[in-house]
Amino acid sequence: FSGHADLLGGPYSYSDRLLIKGGRIVNDDQSFHADIYMEDGLIKQIGDNLIVPGGVKTIEANGKMVIPGGIDIHTHFQMPYRGTTTVDDFAQGSKAALAGGTTMIVDHVMPEPGASLIEAHDQWRQWADEKACCDYSLHVDITHWNDSVKQEVDNLIKEKGVNSFQVYMAYKDYYQMSNSELYEVFTFLAERGGIAQVHAENGEIIAEEQARMLQMGITGPEGHVLSRPEELEAEAVFRAITIASQTNCPLYVTRVMSKSAADIISQARKKGNVVFGEPITASLGTDGTHYWSKNWAKAASFVTSPPLSPDPTTPDYLNTLLSSGDLSVTGSAHCTFSVAQKAIGKDDFTQIPEGVNGVEERMALIWDKAVTTGKMDENMFVAVTSTNAAKILNLYPRKGRIAVGSDADLVIWDTDAIRTITAKTHNSAAEYNIFEGVELRGAPLVVICQGKIVLEDGNLHATSGVGRFIPCSPFPDFAYKRIKARKQLAVLRAVPRGMYDGPVSEFSMSRGGTPSASARTSPTKQPVRNLHQSGFSLAGPPTPDDIPIRPAGRRIVVPPGGRSNITSLS
Amino acid sequence: NMSGSKNSIPHLTSERLLIKGGRVVNDDQSFYADVYIEDGLIKQVGENLVVPGGVKVIEANGRMVIPGGIDVNTCLMKSYLGTQPVDDFFQGTKAALAGGTTMIIDHVAPQPGDSLLEAFERWQEAADKKACCDYSLHVDIPQWNENVKDELELLVQDKGINSFQVYMAYKDVYQMTDSELYEAFSFLKLLGAVVLVHAENGDLIAQEQRKILGMGITGPEGHPLSRPEEVEAEAVFRAITLGNRVNCPVYITKVMSKSAADTITQARRKGSVVFGEPITASLATDGSHYWSKNWAKAAAYVTSPPLSPDQTTPDHLHTLLACGDLQVVGSSHCAYSTSQKAIGKDDFTLIPEGINGVEERMGFVWDKAVAMGKMDENQFVAVTSTNAAKIFNLYPRKGRIAVGSDADIVIWDPDSVKTITAKLHLNVFKAAEYNIFEGLESRGGPVLVLSQGQVVYEEGKLHAQQGTGRFIPRKPFPDYAYQRVKFRNQGVTRGIYDGPVYDVAPIPKYITPSPSAKTSPTSHQPPPIRNLHQSNFSLSGAQIDDNIPRRSGHRIVAPPGGRSNITSLG
C-alpha cells in the first residue's frame, strides 16, 4: 500500500509516553478497570500495576470511562462545490472532530461525473495530508460507470487502500445510476471485496416532485423536504437491498434519515441480508420541522439529502434501532456551508447546497439521547461510535478497540458533563449549528490522538497535518464472512433433460409487425430481447451436468421443495 | 352511449327462470330465498314469490346460489412473436363458464408503437364474435408518450375502459422508467382509472437472464432463477411508493410470491390504496415443476412473475386472501401449445409466457381456502366475484345477487370432487396439451351456471353459445378505489407565506451551465450540480402538462410536527 509510507516514515516522532491510571476501559464487548500505557502512538500495555519507564506523563482517570476514540465514518471536509469549498477544511473539520471525542474520520472523495476517480482520490489525499489533525481514511464515490471506472476502482482497492465506494440512486441526470448500472457496480465490488455504499433516494420521483413544488410556487427550504418525502428514501433502500441481495454484495446505506428507511433495513437484516445502516448526528438529534422556519438562513442550514424527517418522533426511533443493533454505525455527514453559500438557492430550494454539521456533536448526542435515556449501554455506545465502523472498514482492531497493539486513540469520557451547543463556541466555521441551544450530557474530558494529548482541561491542542491516511484492505470479515460462505454454497445447475424434439410453432422475431423504427428508446433496438446485444450466444454447448458451475456471487437455488433463496435465512 | 351496448340487444332473452329453495350467498350475508329471473336480469329475490305461470323452475335443494365468478385477468388474444394463444375468446369463455365464471376481463395487449384504440377495437370485435359470456377489457400501455394520453382519454370517456396496465418488467419492450410511471399514474388518476401494474424489476431480470444463459442454463428452470421473488417484491414496493406519491389506487396483477404479498399487506396497513391479485396458479401450485425433466411440462409453467419454488406459497396466499389483505383472484389464463412453448426450447427467455387457470379458478379457491376452514363462503364470493366488480366499477350489476343485477348466477356444490386433467377439461378440442394442475383433486364446483339468465352449464354439460357475450362498459372513478383517494386530495388550504425572508447578499454565479451531459464523450465537465438544462423541468414554471387543470392530485404535507405524509394513515 502506498499508505505504508505514511505509516512508517512520517516526519513526526512518537516518542511520547503516556500512562492513564485508574480508568475503566470500555470496549464494545466488556468494561474493566485497568491502566493503559502508551508509547510511540501505540497501546503497549494494559493491566494493573504496570511496569513503565520513569518520568512517564500520567493522567489520572479517577474511575472515569476510557473508550476507543470515535470514528466518524462520513464527512465531507473541504468539499468543492460549484467553485467554492465547504467552510470546514480538513484542519477545521478534524479539529471539531477531536473536540467531540472523534479521533478518526472517513471522508468522501467526490469526483465529478466523467472525472478520474484516482485523480480525485489523489487530490483528496493531498488536501487531507496537508491539513488533517487526526487519522483519516477515504471512501470514493462512483459518480459514473464504465469500463475505465471499473479499472480505477480495481486500482483503488488494490493499490490505494480504499475499500468502500458510494453510488447514488438520486440526483437524476447527474450522479444517479440506473438499476442495471447498480447491478454491475455491486457485482464488481462483490468480486473485489469492496463495500457498496448507497445514497438511497428515488431520484426520478424526486425530479418530478421538485418540478411540481416549484410550479406550485414553493421555492423555500420547505420545498426540499416536500419534494423528498421519506417513502422515496424507503423505496430506494428497499431496491438497493434487493440488488445487493441478487449480487451477493454487502450493502451500506449512508444517511438513514427516516423511520421507514430504518424499518426496511431492520426487516432485511431479519431476513439475513448483509446490510448496514448509518444514521447521522442530524437524524439522531433533530428533525425536519425546522424547514418551515421563517428564518430562511436557519431553514436552509438544515437542508441535506435525504432530508430530515418532519416527524418529530424520528430521532427517538432511530436511537432505539441503533441500540438494538438494527442500525450499525453513526456518521455525521458533516458538510458545512456558509449562509452566503446556502443562499445560492434563495429563490429555488433545489439550488441550496446540501449539508449539515455534526462531526463535533456526534458522540455527545448519542450519549445523551441513547445512553442517558437507558436505551443503550456504554459498550454498545462504543460499538456504534467507533468499533463497528472499524470493523466494516477492516481497520479493526487497529482502530475501534483499546487493546495492546492498537493505535493510541483514546478518549476519557465524562458521563456527567453538560454542554449547551451553540455556533458561538463550536469548532466549525459554520455560522449556524443545527443543534443550536440543545443541552447535551456527556463529553470528552481528555482526548488522545496518536498517543498525544490533544484535548485536556477544555483546551484543544490539535496540530494540522499530523493526520495519517489509514489504508483499508478489501474483504473485511465483518461484512464478507457471510458473503463468502454464501458464495461457496452457490451452485447453479441446469436440469439435465433430453433435447426437446417435438414440433415448434413458427414465429417471427419482429413482434406483431411493429415497424422497428417505432421501438421505444433507440431506433437501433429490436422490439424484442435482442440476443445480439446481450453478450451471450445460443450456439454455446450446454455445460455438462456433472461440472458444477460456480459463478461468483450466486447463491444456489434449491431444486424442487427447497427455499428459493439461500441468501435469505428466514 | 357506450359502444358496447350495440350488441346487447340481440341477446336479450325472454326466458323466465325461477331458482327455488336455494341459499343465496352474497359477500355480506347468506339467506334462503328464491330468485326469479326475466330478460337476463334478476327481478325478484325472496320467499313465496309471485311469478308468471309456466316459468322454468330450477330446484336448488338448499344448495348455495352465488353470483357468477368474475375472472379479472385473462389473455385470450395476447400474441407472442406472431402466434396466438390456443384458447381464444370462444375456448376461453367456454372454459370459464364450465368453472362457474360468468364474466372475464381480458387484457388488450398492443405492441409498442401500436394504437391503443385500434388494438382495443380488434379485441372487442373478436370478443363480440366469439365470447360466450359477458366480458370487459383492460388495456395495457406498452409505452408512454403524448399520443397514448389522447387515446387513454378517449378509451375512458367513450369506450368504457377504466383500467390500464403498465409494466415494470420487459426491458426495452414494455418497461417504463420510474419517471414514466409517475406520469402515467398521474394521468390515469386524473381520468379516474385503476392502474394495473406488472411488478417485476426488468433491469435486474435482464442482468440475471444474461448471467444465467452465460452459465449454460437454457431450460425452463432458468426462468425462475432469473426472476427471484425479491425482484417481484421490490417492484411491488416501488409501485406502491409511486401510488402513494401520486395518490392513485394501484392494483398489482399476478401476485406470485409470499414476499410480494407481504409487501402489499404492509402497505395496506399503512393506509395505501393498493389491491393484490393472486392467480389460480399461484394459489394452487408452485414453481418446483420448472425443474421437471420433461421439458414440455416444465415449459408449461412458464409465466411472469414465475411461480415461486417455495412450496408454502399457495397456503400463504390463501391465508392473505382469506383475511382480506389480497382482494381478488384472476387466472391470467393465457394458454400456449407445447409447440408454441418450444419457440424457447434452446433459450428460456424465448418461451412464451402463459398458463391455464380460468376453468379451475373457483374450484381451487374453494378447495384450498373454504374447505380448509380459512375462508367462509361470503368471503369466497367476495374474492371470486364481488371485489372485482367493485374495483372495476361493475357493482352491483355484477358480483351480487340482488334485484336489478344481471342474472349471472351459479349453483355451487361444495362437495363435488373432481380431478383436474388436460384430458377432461372442456377445451380439449384444441387447447393446451398440458394442464398445470394435472392430477390435482379439487373439491367444490358448479352444478348449474346461468349467464345472462340462460342456463349455459348443467350437470356437466355446456350449452354455451358463441357470440352471446356482451361488452360491459365501465365508468371511471370506482368508489371502491377512489373514495379514499378523493378525500385525501382535499389538501390543507392556507394563505401564502408573506413573512420576512432572510436577505442574502447577491452571490456571483458559480455555475457555468454546460451542454455536456453525463454520458457525452466530450471532455466538457458538467457543472457540479443538477443541471437544470438536462432535467425535464424548468424554473420558469412552464410544464408540459400546463394545459391540464391543476390536479386534484396533491396533498400538502402538514407543517412542523404534523405527519409527513397525509396519504399514510399509519
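The values are calculated or read from the model by the stated rules, or taken from the named source; none is laboratory data. Since the model is a prediction, treat every value here as computed from it, not as a measurement. Reconstructed Cβ throughout: ideal geometry from the backbone, glycine too, with neighbour counts over all protein chains shown.
Check whether at least one residue in region B:361-374 is without any contact (Cβ under 8 Å) to a residue 60 or more places away in the chain and within 14 Å of chain A (Cβ to nearest Cβ), and report yes or no. Looking for residues that are without any contact (Cβ under 8 Å) to a residue 60 or more places away in the chain and within 14 Å of chain A (Cβ to nearest Cβ), one finds none in region B:361-374, hence no.
Checking each residue in region A:315-332 for being under 19 Å from residue A:72 (Cα atoms) and not hydroxyl-bearing (Ser, Thr, Tyr) picks out A:315, A:318, A:319, A:321, A:322, A:325, A:326, A:327, A:329, A:331.
Okay, residues lined up against (1) within 32 Å of the chain's Cα centre (by Cα); (2) at pLDDT below 95; (3) under 29 Å from residue B:279 (Cβ atoms):
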residue	(1), (2), (3)
B:2	yes, yes, yes
B:12	yes, yes, no
B:29	yes, yes, yes
B:71	yes, no, yes
B:76	yes, no, yes
B:79	yes, yes, yes
B:82	yes, yes, yes
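Within region B:259-277, the set of residues being crowded, with 22+ Cβ neighbours inside 10 Å and not in a loop (DSSP other than H, G, I, E, B) comprises B:259, B:260, B:261, B:263, B:264, B:267, B:274, B:275, B:276, B:277. Of the strands (runs of 3 or more DSSP E) that lie entirely inside region A:405-507, those containing 1 or more residues that are hydroxyl-bearing (Ser, Thr, Tyr) and out of contact with any Pro (no Cβ under 8 Å at 6 or more places or on another chain) span A:410-420. In region A:80-99, of all residues being within 20 Å of residue A:121 (Cα to Cα) and buried (at least 24 other Cβ atoms within 10 Å of the Cβ), the one that is nearest to the other protein chains (Cβ to nearest Cβ) corresponds to A:86. Taking residue B:340, is it polar (S, T, N, Q), under 23 Å from residue B:170 (Cβ atoms) and within 12 Å of another protein chain (Cβ to nearest Cβ)? So residue B:340 fits the description; yes. Screening the candidates B:181, B:196, B:190 for the property of being of a type in the set (A, V, I, L, M), more than 8 Å from every other protein chain (Cβ to nearest Cβ) and surrounded by fewer than 23 Cβ atoms within 10 Å (Cβ to Cβ) yields one hit, B:190.
Of everything in region A:265-282 that's surrounded by fewer than 24 Cβ atoms within 10 Å (Cβ to Cβ) and charged (D, E, K, R), which residue is farthest from the other protein chains (Cβ to nearest Cβ)? Residue satisfying both the conditions and the ranking: A:269.
For a quick check of your reading: which strands (runs of 3 or more DSSP E) sit entirely within region A:56-150 and have at least 2 residues that are in contact with a helix residue (DSSP H, G or I) (Cβ under 6 Å, 6 or more places away or on another chain) and β-branched (Val, Ile, Thr)? Walk me through it before giving the result.
On the way: elements: A:57-60, A:65-68, A:70-75, A:102-109, A:135-141.
Passing ranges, in order: A:70-75, A:102-109.
Of everything in region A:163-185 that is in contact with a Gly (Cβ under 7 Å, 6 or more places away or on another chain) and not small (Gly, Ala, Ser), the residue that is farthest from the other protein chains (Cβ to nearest Cβ) is A:163.
Residues of region A:31-55 that are of a type in the set (A, V, I, L, M, F, W, C), surrounded by fewer than 17 Cβ atoms within 10 Å (Cβ to Cβ) and assigned to a strand (DSSP E or B): A:32, A:42. A count restricted to region B:76-106 and to residues that are away from chain A (no Cβ under 14 Å), under 18 Å from residue B:166 (Cα atoms) and either crowded, with 24+ Cβ neighbours inside 10 Å or among the polar types (S, T, N, Q) (or both) stands at 1. Inside region A:186-217, residues that are at negative phi and within 9 Å of chain B (Cβ to nearest Cβ) make up a count of 14. Among the residues of this structure, residue A:493 does not count as one that is among the basic types (Lys, Arg), in contact with a strand residue (DSSP E or B) (Cβ under 6 Å, 6 or more places away or on another chain) and surrounded by fewer than 21 Cβ atoms within 10 Å (Cβ to Cβ). Considering region B:246-276, and only residues there that are touching a His at 6+ places or on another chain (Cβ under 9 Å) and in contact (Cβ under 8 Å) with a residue 60 or more places away in the chain, the residue that is nearest to the other protein chains (Cβ to nearest Cβ) turns out to be B:246.
Against the list (1) more than 8 Å from chain B (Cβ to nearest Cβ); (2) modelled with pLDDT under 95, the condition residue A:246 fails is (1).
The numbered conditions (1) within 11 Å of chain B (Cβ to nearest Cβ); (2) modelled with pLDDT of 95 or more; (3) closer than 20 Å to residue A:320 by Cα are all true for residue A:262 except (1). Flag: residue A:395 matches the condition of being buried (at least 24 other Cβ atoms within 10 Å of the Cβ) and under 25 Å from residue A:43 (Cα atoms).
The listed residues are A:95, A:160, A:172, and the only one of them that is within 26 Å of residue A:383 (Cβ to Cβ) and of a type in the set (D, E, K, R) turns out to be A:95. Is it true that some residue in region B:280-287 is buried (at least 24 other Cβ atoms within 10 Å of the Cβ), among the hydrophobic types (A, V, I, L, M, F, W, C) and under 27 Å from residue B:393 (Cβ atoms)? Yes, region B:280-287 has at least one match. Hey, can you tell me all the residues within region A:139-162 that are out of contact with any strand residue (DSSP E or B) (no Cβ under 8 Å at 6 or more places or on another chain) and either more than 14 Å from chain B (Cβ to nearest Cβ) or touching a residue at least 60 places away in the same chain (Cβ under 8 Å) (or both)? Within region A:139-162, A:150, A:151, A:152, A:154, A:155, A:157, A:158, A:159, A:160 meet the criteria. A search for C-beta distances below 9 Å between a residue of region B:53-65 that is assigned to a loop (DSSP other than H, G, I, E, B) and any residue that is buried (at least 19 other Cβ atoms within 10 Å of the Cβ) and of a type in the set (Phe, Trp, Tyr), counting only pairs 6+ apart in sequence or on different chains, returns B:55/B:36; B:63/B:412.
Filter region B:345-368 for residues that are surrounded by fewer than 24 Cβ atoms within 10 Å (Cβ to Cβ) and within 18 Å of residue B:64 (Cβ to Cβ) and give the result. Within region B:345-368, B:367, B:368 meet the criteria.
Just so you know, in region B:277-326 the residues that are among the charged types (D, E, K, R) and touching a residue at least 40 places away in the same chain (Cβ under 8 Å) include one that is farthest from the other protein chains (Cβ to nearest Cβ), and it is B:277. Where helices (runs of 4 or more DSSP H) fall entirely within region B:344-424, those with at least 1 residues that are small (Gly, Ala, Ser) and at negative phi are at B:361-365, B:387-391.
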